[in-house]
Amino acid sequence: MKKLAELKNHEKELYFFQLRVGFAGAAVLLAFALLLARFVHLQVLQHDTYASKAEDNRISIVPIAPNRGLILDRNGVVLARNYSAYTLEIFPAKVKDLERTIHELGEVIEVQPKDRGRFRKLHAEVRNAESLPIRTRLTDEEVARFAANRYRFPGVEIKARLFRQYPHGELASHVIGYIGRINQKDQERLAELDVDANYRGTDFIGKAGVEASYQQELHGTTGMEQVEIDAGGRGIRTLARTPAQAGNNVTLTLDIRLQEVAEVAFGERRGALVAIEPSTGGVLALVSKPGFDPNLFVDGIDPQSWAELNNSPDRPLNNRAIAGVYPPGSTFKPFMAMAALELGKRSFKSTIHDPGYFEFGGRRFRDSKPGGHGTVDLYKSIVVSSDTFYYQLANDMGIDAIAGFMGRLGLGAKSGIDLEGEATGVLPSPEWKQKRFRRPEQQKWYAGETISIGIGQGYNAYTPVQLALALATLAANGDMYRPRLVSYIDNLRTGERRHLEPVLQQRVALRPEHVEFVKQAMAGVNKEGTGARAFAGAAYASGGKTGTAQVIGLKQGEKYDEKKVAERHRDHSLFIAFAPVDNPRIALMVIVENGGFGARAAAPIARSVLDYFLLGKLPEAMLRPAGEDDSDAESD
């Protein structure tokens, strides 16, 4: 019995063993079936998809950034160009510890604190950048030193880059502008313009000046390169290449030598100058002082330099020529005289008695000359700059007539110059005041406010380019051409030259005899009036008008004493001029902030510019110390 029991148990164990083997075999067969099905799915059904992905892993599409176009002045002088150099770049996504990597790099290649600061600034601003520079413009020795240690720094590479260079430094910096790294805002704007695909591989974009306003012309067309890569991501060979097309060269209407004359004449003083060719609207010089060195932005400006520029009370980054708004002071009077003639409020022979003040509503508006100018006609009112004459004229004309005429000359409206950031200015009117102020008592226009408008004070506030355009329109007998900085654009690939033709914005209807009268009165300013000292001995006939604009208001009866006022609260010095009188080739506006009387600070700068433009020489005024004070100069 015992043996039978043992035999029975053996048979049972054999049965279970065979059962387990059967299940295991089925499982193996099922597994192989699944593997086979997966193999068929990958190798047959999804063959094309994965073959394409494998090819993509083997081939990398590398964008080729185009060479940026040059910027030149009207005589072919290069103002912005390119040069190549090696850059040490960090790929943030491939580096685990940025600070440690930068510290160790500093042991191989010199990395200064400003380099670290610039890198941190870029890393914070350009979050999705593939790579960022930690050092630029490496020497051959530094390149070799890093190459020998490259194995220590995964995620760090040396790249050959094109850099922008501005050979004239600060000269014409607000005209030329600068380039900077593409940030998120730039990317969004490029996407809106549907040109973002053309910026793959491009790190920089125009940020200001012509570099920004003509960005699409200067940039060019991005190329592509198919590169076979190994498992480590390193290129083995180039399979195909579509070359990039360089950007177009942009030639300006600007004369860089004339620009230099103007900037040197300013010295260290703050202000602006705009010189326009009346017959075309071409800008011959555009100055905003102080300026800045655009080369600081080429590598990505370091925090210290940025703080110095951004926090300076002199606001060097602000383009005063197009964005600064100032009261025009007495430079407004020739336009008031023209309005009076055109609207029939005055004739050539109209006279008043100027006792040195004008009384209105129980208030006395004083003339800049105590005791007044005696009998004053329209011609003399411009030559000697009689405030009393224009107080009375403004009262007779009324604010609506003044605003209507000045608006025709482009005051209080953007000129349309081909630069970004232009301000609108303020052309005062009852409608403007209603929009400007909230409280009803502030919105009402008072007749007494019109009086100050007549001498270019009150709410009047215009940009230098607006005043230069108004004068150029007068000099061109009513033809108003849009101010422009670019003369023509050269396509280097096709050899085509595209001229930007002058744009006649409007023809202001002005009677020729009225225009001629005002021109001759302005010529009298430089021969016998407030501008006579600055233009003594000039070998050409020019027209001009001095101006002095208050920065802070005075209490009634209070007398202005420059010596008792802080420098930044002193009056602005202004001057407008055109030449030659019989056939004006240039019209300009100058403002020297806190410079005092127009004849003292602004007029000599205008003389320097006209002397060079018309005679090709540097006048003696250019050789004087920049801050020299002609304390006995005529008032405006």
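The values are calculated or read from the model by the stated rules, or taken from the named source; none is laboratory data. Bear in mind that the values here come from a model prediction, so they are computed numbers and not experimental data. So basically every Cβ, Gly included, is an ideal-geometry build from the backbone, and we count neighbours across all protein chains shown. Ligands, DNA and RNA are excluded from the accessible area calculation, which covers all protein heavy atoms including side chains. Shrake-Rupley method; radii C 1.70, N 1.55, O 1.52, S 1.80 Å.
Numbers at a glance
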read-out: Residues of the range 484-541 satisfying the condition of being closer than 30 Å to GLU217 by Cα, open to solvent by 60 Å² or more (accessible area, probe 1.4 Å) and among the basic types (Lys, Arg); value: ARG493, ARG497, ARG498
read-out: Residue check for LEU618: modelled with pLDDT of 95 or more and either open to solvent by 20 Å² or more (accessible area, probe 1.4 Å) or over 29 Å from the mean Cα position of the chain (by Cα) (or both); value: no
read-out: Matching residues in the range 175-193 - criterion: being acidic (Asp, Glu) and open to solvent by less than 50 Å² (accessible area, probe 1.4 Å); value: ASP186
read-out: Flag if TYR199 is open to solvent by 30 Å² or more (accessible area, probe 1.4 Å) and either within 17 Å of ALA65 (Cβ to Cβ) or touching a Leu at 6+ places or on another chain (Cβ under 9 Å) (or both); value: no
read-out: Hits in the range 142-157 (condition: buried (at least 20 other Cβ atoms within 10 Å of the Cβ) and either under 18 Å from the mean Cα position of the chain (by Cα) or in a helix (DSSP H, G or I) (or both)); value: PHE146
read-out: Residue list for the range 397-435, filter: open to solvent by 30 Å² or more (accessible area, probe 1.4 Å) and aromatic (Phe, Trp, Tyr); value: TRP432
read-out: Cβ pairs under 8 Å, 6+ apart, first in the range 364-385 and polar (S, T, N, Q), second assigned to a strand (DSSP E or B); value: SER368/THR548; THR375/THR351; THR375/ILE352; THR375/HIS353; THR375/ASP354; SER385/LYS545; SER385/THR546
read-out: Unmet requirement for LYS545, which otherwise passes all of (1) surrounded by 15 or more Cβ atoms within 10 Å (Cβ to Cβ); (2) in contact (Cβ under 8 Å) with a residue 60 or more places away in the chain; (3) over 30 Å from GLU567 (Cα atoms); value: (3)
read-out: Residue check, ARG116 without any contact (Cβ under 8 Å) to a residue 24 or more places away in the chain and of a type in the set (D, E, K, R); value: yes
read-out: Qualifying residue in the range 383-396 (condition: open to solvent by 10 Å² or more (accessible area, probe 1.4 Å), under 23 Å from VAL525 (Cβ atoms) and polar (S, T, N, Q)); value: yes
read-out: Candidates VAL518, VAL465 - the one that is farther than 22 Å from ILE417 by Cα and either in a strand (DSSP E or B) or in contact (Cβ under 8 Å) with a residue 60 or more places away in the chain (or both); value: VAL518
read-out: Flag if ALA160 is of a type in the set (A, V, I, L, M) and part of a strand (DSSP E or B); value: yes
read-out: Residue list for the range 581-603, filter: at pLDDT 95 or above and either assigned to a helix (DSSP H, G or I) or aromatic (Phe, Trp, Tyr) (or both); value: ALA602, ALA603
read-out: Counted residues, the range 344-372 - those being charged (D, E, K, R), more than 19 Å from SER452 (Cα to Cα) and in a strand (DSSP E or B); value: 0
read-out: Candidate set: the range 110-121, residues that are open to solvent by less than 80 Å² (accessible area, probe 1.4 Å) and touching a strand residue (DSSP E or B) at 6+ places or on another chain (Cβ under 9 Å); chosen: the one nearest to LYS207 (Cα to Cα); value: ARG118
read-out: Wholly enclosed helices (runs of 4 or more DSSP H) of the range 202-291 bearing at least 3 residues open to solvent by 40 Å² or more (accessible area, probe 1.4 Å) and within 23 Å of PRO604 (Cβ to Cβ); value: 256-266
read-out: Count - residues of the range 560-580 that are at pLDDT below 95, more than 10 Å from THR548 (Cβ to Cβ) and outside any loop (DSSP other than H, G, I, E, B); value: 6
read-out: Total residues in the range 294-308, condition open to solvent by 10 Å² or more (accessible area, probe 1.4 Å), assigned to a helix (DSSP H, G or I) and in contact with a helix residue (DSSP H, G or I) (Cβ under 6 Å, 6 or more places away or on another chain); value: 3
read-out: Considering residues of the range 346-378 that are open to solvent by 60 Å² or more (accessible area, probe 1.4 Å) and in contact with a Phe, Trp or Tyr (Cβ under 7 Å, 6 or more places away or on another chain) only, the residue nearest to ALA577 (Cα to Cα); value: PHE348
read-out: Boolean, SER487 is closer than 30 Å to GLN215 by Cα and outside any loop (DSSP other than H, G, I, E, B); value: yes
read-out: Enumeration of residues in the range 470-493 that are under 25 Å from the mean Cα position of the chain (by Cα) and under 30 Å from PHE332 (Cβ atoms); value: ALA470, LEU471, ALA472, THR473, MET480, TYR481, ARG482, PRO483, ARG484, LEU485
read-out: Given (1) in contact with a Ser or Thr (Cβ under 8 Å, 6 or more places away or on another chain); (2) at pLDDT below 85; (3) closer than 24 Å to ARG200 by Cβ; (4) open to solvent by 30 Å² or more (accessible area, probe 1.4 Å), number of the condition ALA124 does not satisfy; value: (1)
read-out: Qualifying residue in the range 131-141 (condition: of a type outside the set (Gly, Ala, Ser), open to solvent by less than 20 Å² (accessible area, probe 1.4 Å), closer than 22 Å to TRP306 by Cβ and free of Cβ contacts under 8 Å to residues at least 12 places away in the same chain); value: no
read-out: Residues of the range 53-94 classified as modelled with pLDDT under 85 and in a loop (DSSP other than H, G, I, E, B), total; value: 1
read-out: The range 289-304 residues that are free of Cβ contacts under 8 Å to residues at least 40 places away in the same chain, paired with ones that are of a type in the set (Lys, Arg) (beta carbon under 6 Å, 6 or more apart); value: LYS289/ARG270
read-out: Residue in the range 309-325 that is over 25 Å from PRO464 (Cα atoms) and crowded, with 16+ Cβ neighbours inside 10 Å present; value: no
read-out: Qualifying residues in the range 86-107 (those that are among the hydrophobic types (A, V, I, L, M, F, W, C) and loosely packed, with under 15 Cβ neighbours inside 10 Å) - the one farthest from ALA160 (Cα to Cα); value: ALA93
